[in-house]
1. Filter region 18-28 down to the residues that are in contact with a helix residue (DSSP H, G or I) (Cβ under 6 Å, 6 or more places away or on another chain) and modelled with pLDDT under 85 and list them by number.
2. Which count do you get for residues in region 34-84 that are in contact with a helix residue (DSSP H, G or I) (Cβ under 8 Å, 6 or more places away or on another chain) and outside any helix (DSSP H, G or I)?
3. Do you know which residues across region 19-33 are more than 19 Å from residue 8 (Cβ to Cβ) and in a helix (DSSP H, G or I)?
4. Out of the residues in region 1-17 that are surrounded by 13 or more Cβ atoms within 10 Å (Cβ to Cβ) and touching a helix residue (DSSP H, G or I) at 6+ places or on another chain (Cβ under 9 Å), which is farthest from residue 51 (Cα to Cα)?
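The values are calculated or read from the model by the stated rules, or taken from the named source; none is laboratory data. Because the structure is a prediction, the values reported are computed rather than measured. FYI the Cβ positions are ideal-geometry reconstructions off the backbone, even for glycines, and counts take in every protein chain you see.
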């Protein structure tokens, strides 16, 4: 996408994060997280929830906690990701 000059939006990021989670690609998920941080679009709760969930599933609790703390708000999904 980016090579073609198309910049991802929050929906794209969540979709790519879901793909990373389904194939157990933690390093690729980290790369997407870096892209989210560097992007000009504002992060949303769906991205934060997915990132926290991926990091928690891979036992990277420091990363999961860091994402959780930086989220502007939390919902049931956010809390469940951290509890699980």
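1. 21
2. So the answer is 13.
3. Passing the criteria: only 26.
4. Only one residue tops the list, namely 8.
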